[in-house]
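One structure is given here, and the rest of the page talks about it.
Laboratory data are not the source of any read-out in this text; all were calculated from the coordinates shown. Just so it is clear, the structure is predicted and the values come from calculations on it, not from any experiment. As a convention, Cβ positions derive from the backbone with ideal geometry for all residues, glycine included, and neighbour counts pool all protein chains shown.
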Amino acid sequence: MRDEAKLWLQYARENLQVAEITFRARLLNPCLQNAQQAVEKALKALWISKTISLKRTHSIRELNHGLVLVGQETSLTEEDCDLFDSIYVSSKYGIRAA
């Protein structure tokens, strides 16, 4: 795995650890934000490992779809992508999902 991909994966692990800590503390907004960031960064690590030019996006759906197009399957469903994309917007900008 390329060094840049390893770095993104390390960042993803850190976000996951923060998500776990904030979940135990019942701090749900930072928990969800860090869970979304962990998934986003892990997908970006996969993009880099597949030598795909990294796209500047926070959309889990776009990142996942790009990987599928190059034959890299993930376990994310369409519903997962929708959920993570809604978390990014609402947690980042304080917008409540309808």
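Net charge of the neighbourhood of R2, taken over other residues with C-beta under 14 Å away and scored Lys/Arg +1, Asp/Glu -1, is +1.
With a Förster radius of 41 Å applied to the C-beta separation of T77 and R26, the computed FRET efficiency comes to 0.95.
Taken along its principal axes, the alpha carbon cloud of the chain reaches lengths of 37, 28, 22 Å, longest axis first.
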